[in-house]
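Remarks on the structure that follows.
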Amino acid sequence: MTADSWRDRPVLVTGCTGMLGSWLTSALVERGADVIGLVRDWTPQSQLVLSGTYHRIKIVRGSVTDYMLLERILVKYGVETIIHLAAQSTAPIGRRNPLLTFETNIRGTWLMLEAARRVNTVKRMLLASSDKAYGTHEQLPYTEDLPLLACYPYGVSKACAEMLARAYASTYDMPVVITRLPNLYGGGDLNWNRIIPGTIRSIIQGKRPVIRSDGSPKRDYLFVQDAVTAYFRLAEALDDPTLQGQVFNFGTDVPQSVLAIVQAIIASSDHPEIKPLVMGQKPNEIHAQYMSSVKAKQLLGWTPAYTLEQAMHETWVWYKTFLGENAKHNT
C-alpha cells in the first residue's frame, strides 16, 4: 500500500474527534479515503469540527463498547482499515474512574478485534497504546522489547489492550499493529491540565504559567503532525505480514525537561518576557521517562519532520486563533 492508494479506501477511525483523530482524519480525507468516524459525544470545539472535516466523512454515533454496532459498521461500509484511537485517554481520570477506563480501553479493544476477525474485509488495524504501558523501568530509553510493568489503571488498560491485540494477531493471523506514543501536543488538545495547552492559555491570558514540579522531570513530547505521519507510514507498511502483532514506539528521541518545554512555548509566544512560576511540588514524580524510536526508523524509515521550535510555533498560532475566536463569541 502506498500513499496514493488511500483514494476511495474505506477507513474506520474511532476517536476521530480527539486531537490525533482530528488531524489524522483530515489527512485521510485529503488523500481521498472514504472515512467513517465513530463518534460517541458531540464535541463542537473539536479540531475535526473546526476544520470542516466532520462534514466530509460518514459519521456513526455510538460507543466502541457496542459490539453489534461495530460489526454493522464494518459490514455496511466494507471497512478495510481500522485506526482504533478511541479511549479514555488520561491517567488522572483512570485513577478516579477505573471502571470507565477499563470498559472503554480494554472491552472496547477486544470487541473491535472480534468484530474485525468476523468480518473478512479488514486488511489492517492500528491500535493506539501509550508509553504509560511500560510502567517504570530503570533502563532508558524504553525499547519495544521491555516488559510492560504498568501498575495504575490507565497504563494497565493500555497494556491489556496490547496483549489482546497480540493474541488476535498470533491466534487468528490478523494484521494488527500497536503504536506507543509519548506526550502528544499540537492544536486541538483542550485538556487545560496538560502542560502545553495549559501554559499557552496562561500566557495568552497574561498570566505566569505554573510548573508544579521543580521543572526538571524529563519526558518526550511528539508533535501531532509527526504522529499523523507515523500512522500513515505504519499503515502503508502493514501489507508486510512480518509486522503483524508488532509494537512500534514513535517519539523524538530528544527528551525535554518540563522547564525547557515551558521556555520553548514562551519563546514562541507574544510575551517572551513572562517567567514561569516554579512551585517545586510533586516530589514523588518520576524524574525521567522516554522511549527509543530506533525500530521505527530502521523498519519504517520514519523520523520526526518538525523541530521543537517549528512545532511550538504552529501550536501557539492554533491556540491563539482558537482562544481569540472563543473570546469574541463570549463577549
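Things to note:
- The residues of the stretch 74-94 that are surrounded by 21 or more Cβ atoms within 10 Å (Cβ to Cβ) and under 14 Å from Arg118 (Cβ atoms), listed by number, are Leu74, Val79, Ile82.
- You will find that of Val224, Val247, the residue that is in contact with a Phe, Trp or Tyr (Cβ under 8 Å, 6 or more places away or on another chain), within 30 Å of Thr143 (Cβ to Cβ) and buried (at least 16 other Cβ atoms within 10 Å of the Cβ) is Val224 and no other.
- In summary, Ile200 fulfils each of the numbered conditions (1) surrounded by 19 or more Cβ atoms within 10 Å (Cβ to Cβ); (2) within 28 Å of Leu126 (Cα to Cα) with the single exception of condition (2).
- Scanning the stretch 128-157 for residues that are aromatic (Phe, Trp, Tyr) and either under 17 Å from the mean Cα position of the chain (by Cα) or assigned to a helix (DSSP H, G or I) (or both) yields Tyr134, Tyr154.
- Each residue in the stretch 114-127 was checked for being out of contact with any strand residue (DSSP E or B) (no Cβ under 7 Å at 6 or more places or on another chain), of a type in the set (A, V, I, L, M) and either part of a helix (DSSP H, G or I) or crowded, with 23+ Cβ neighbours inside 10 Å (or both), and 1 of them qualify.
- Close pairs (7 angstrom Cβ cut-off, 6 or more residues apart or separate chains): free of Cβ contacts under 8 Å to residues at least 60 places away in the same chain and more than 20 Å from Ala235 (Cβ to Cβ) in the stretch 157-180, assigned to a helix (DSSP H, G or I) and among the β-branched types (Val, Ile, Thr) anywhere: Cys160/Ile106
- Scanning the stretch 255-291 for residues that are in contact (Cβ under 8 Å) with a residue 60 or more places away in the chain, of a type in the set (Ser, Thr, Tyr) and in contact with a Gly (Cβ under 8 Å, 6 or more places away or on another chain) returns a single hit, Tyr290.
- The stretch 128-149, residues that are of a type in the set (Asp, Glu) and either surrounded by 15 or more Cβ atoms within 10 Å (Cβ to Cβ) or under 24 Å from Ser89 (Cα atoms) (or both): Asp131, Glu144, Asp145
- Complete set of residues in the stretch 50-67 that are under 26 Å from Phe322 (Cα atoms) and either touching a helix residue (DSSP H, G or I) at 6+ places or on another chain (Cβ under 8 Å) or hydroxyl-bearing (Ser, Thr, Tyr) (or both): Leu50, Ser51, Thr53, Tyr54, Arg56, Ile57, Lys58
- Within the stretch 205-245, restricting attention to residues that are in a loop (DSSP other than H, G, I, E, B) and either under 18 Å from the mean Cα position of the chain (by Cα) or hydroxyl-bearing (Ser, Thr, Tyr) (or both), the residue that is farthest from Gln289 (Cα to Cα) is Ser213.
- Residues in the stretch 260-298 that are within 23 Å of the chain's Cα centre (by Cα), over 30 Å from Ala237 (Cβ atoms) and not small (Gly, Ala, Ser): Ile261, Val262, Ile265, Glu285, Ile286, His287.
- The single condition from (1) under 30 Å from Leu12 (Cα atoms); (2) of a type outside the set (Lys, Arg); (3) in contact with a Phe, Trp or Tyr (Cβ under 9 Å, 6 or more places away or on another chain); (4) at pLDDT 95 or above that Pro175 fails is (3).
- Hey, Tyr168 within 30 Å of Glu80 (Cα to Cα) and touching a strand residue (DSSP E or B) at 6+ places or on another chain (Cβ under 8 Å) or not: yes
- Some residue of the stretch 95-109 being under 26 Å from Leu146 (Cβ atoms), among the hydrophobic types (A, V, I, L, M, F, W, C) and surrounded by 15 or more Cβ atoms within 10 Å (Cβ to Cβ): yes
The values are calculated or read from the model by the stated rules, or taken from the named source; none is laboratory data. Fair warning: this is a prediction, and the values are worked out from it, not measured in the lab. Cβ atoms come from the backbone with ideal geometry, glycine included; neighbour counts cover every protein chain shown.
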